Amino acid sequence: EKAGYDHFMLKEIHDQPQAYRDTLSGRLFKGYPWVYLPELKLTPEQIKQFRNIHIVACGTAYHAGLVGKTAIERWARLPVEAEVASEYRYRSPLITPETLVIVVSQSGETADTLAALREAKRHGARVLAVTNVVGSTAAREADDVLFTWAGPEISVASTKAYSTQLLAFYAFAIHLARIRGTLPDEEIGPIVHALTKLPEQVESILQRKDEIKSYAEEIASREHLFFIGRGVDYAVVQEGSLKLKEISYIHSEAYAAGELKHGTLALIEEGTPVVALATQPDLYEKTVSNIREVMARGAGVLGIATEETAGLAGSVDRLLLIPSTHPMIAPALTVIPLQLLAYYASVARGYDVDKPRNLAKSVTVE
Ligand code: F6R
């Protein structure tokens, strides 16, 4: 069942190259129309009529929605809100028939997410479900479904469901952008190319998992850890922080790098571990100055960069390089070391990785 791995979580982390291939299979083309999503009933006319998008989900799926929001806004130029379902459903959100509501749920059975789906439909919105389970309630009740082909996810801590949700968002954002005419072919080409390279790039990160393992063993005895990043790096560190808390019970905070000095910088002390993501070339200089702020207070910084931002090596205590990719696509790679960090920290602390305390795989109560 675990295919020789010690835990389902580790197996599922290693399933990701194949899950990426399966989720992208048949959906990407090297030229027009670039992305093909035949399961969508949404017509180009309907897509042109949308005025805004709401992305609603819980937990890890919500974190995937944060990346989805950024990609859709940047490429398809539509205003997108992303919100946790347990808030969204109770605040009488401004939903109109010109709103597309996207619910994201690995299981397709999360109670708050389903309630948000029903609320959206009651207001006449069209609902798209991004889910991993064929025949799930979300898949049955939504107007449209995009399946993530991650395969069964057994470990309570979600890994391959999150990363394939990112791919579904990238594909859908390109689809919207092409139909709305908001992204020229010269820009779509490199994005599609970057997506096709992901499976082998994930393999190469997994081959270097010992680098993360040794870092995880170092921080395993710590009480607190900070994650910082900007843009989509900030979205990914929120997921990395949740994962670490969920299974290793090390307290951590994910902070927008530029916001630290407006908030919890005082909690950074001599030796506080900080994981800093800096994969976005246009935000690189700003992130480096935030890294300097924490280093000046004695933080020990693990930087995660791509080949384009490898200069980070000079500004951090240690560096993990991920392969070169399109900046918007970087989350599909950077999440892998963060999953491994949570996994190895949990193992080092002697916990039951696959069955963390106080957490259920599918939360069907409100
Ligand atoms: C985190 C985790 C939870 C779920 C959340 C939503 O590792 O597993 O945060 O992501 O409960 O679950 P789904 O996606 O099934 O709606």
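The values are calculated or read from the model by the stated rules, or taken from the named source; none is laboratory data. Bear in mind the structure is a predicted one, so any value in this text is a computation, not a measurement. Here Cβ is always computed from backbone atoms with ideal geometry, including for glycine, and neighbour counts include all displayed protein chains. In case anyone asks, the SASA skips ligands and DNA or RNA and just uses the protein heavy atoms, side chains included. Shrake-Rupley method; radii C 1.70, N 1.55, O 1.52, S 1.80 Å.
Couple of notes before you dig in:
- The stretch 204-219 - residue that is open to solvent by 70 Å² or more (accessible area, probe 1.4 Å) and part of a helix (DSSP H, G or I) and, of those, nearest to residue 48 (Cα to Cα): 207
- Every residue from the stretch 122-141 that is open to solvent by less than 10 Å² (accessible area, probe 1.4 Å) and either touching a His at 6+ places or on another chain (Cβ under 7 Å) or within 13 Å of the ligand (Cβ to nearest atom) (or both): 129, 130, 131, 136, 138
- Among residues of the stretch 72-97 that are among the polar types (S, T, N, Q), those with a beta-carbon under 8 Å from a residue that is in a helix (DSSP H, G or I) at least six positions away or on a different chain give the pairs 86/112.
- Selection status of residue 107, out of contact with any Ser or Thr (no Cβ under 6 Å at 6 or more places or on another chain) and open to solvent by 10 Å² or more (accessible area, probe 1.4 Å): no
- Taken over the stretch 41-70, the criterion of being farther than 27 Å from residue 363 by Cα and among the hydrophobic types (A, V, I, L, M, F, W, C) is satisfied by 42, 47, 50.
- Residues of the stretch 242-261 satisfying the condition of being crowded, with 24+ Cβ neighbours inside 10 Å, within 13 Å of residue 335 (Cα to Cα) and not basic (Lys, Arg): 244
- Among the residues making up the stretch 1-34, those that are open to solvent by 70 Å² or more (accessible area, probe 1.4 Å) and either in contact with an Asp or Glu (Cβ under 8 Å, 6 or more places away or on another chain) or of a type in the set (Lys, Arg) (or both) are 2, 21, 30, 32.
- Of all residues in the stretch 220-261, exactly one satisfies the criterion of being assigned to a loop (DSSP other than H, G, I, E, B) and acidic (Asp, Glu), namely 223.
- Residue list for the stretch 111-156, filter: touching a helix residue (DSSP H, G or I) at 6+ places or on another chain (Cβ under 7 Å) and polar (S, T, N, Q): 113, 131, 132, 137, 148, 155
- Counted residues, the stretch 103-121 - those being within 15 Å of the ligand (Cβ to nearest atom) and more than 25 Å from the chain's Cα centre (by Cα): 0
- Hits in the stretch 176-193 (condition: surrounded by 13 or more Cβ atoms within 10 Å (Cβ to Cβ) and either closer than 14 Å to residue 77 by Cβ or among the β-branched types (Val, Ile, Thr) (or both)): 176, 177, 178, 179, 180, 182, 183, 187, 188, 191, 192
- Residue 261 being touching a helix residue (DSSP H, G or I) at 6+ places or on another chain (Cβ under 7 Å) and more than 30 Å from residue 161 (Cβ to Cβ): yes
Rundown of residues vs (1) open to solvent by 30 Å² or more (accessible area, probe 1.4 Å); (2) within 13 Å of the ligand (Cβ to nearest atom); (3) aromatic (Phe, Trp, Tyr), yes/no style:
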| position | (1), (2), (3) |
| --- | --- |
| 64 | no, yes, no |
| 76 | no, no, no |
| 84 | yes, yes, no |
| 89 | yes, no, no |
| 97 | yes, no, no |
| 101 | no, no, no |
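- Members of the stretch 148-168 that are away from the ligand (no atom under 13 Å from the Cβ) and either open to solvent by 10 Å² or more (accessible area, probe 1.4 Å) or basic (Lys, Arg) (or both): 149, 151
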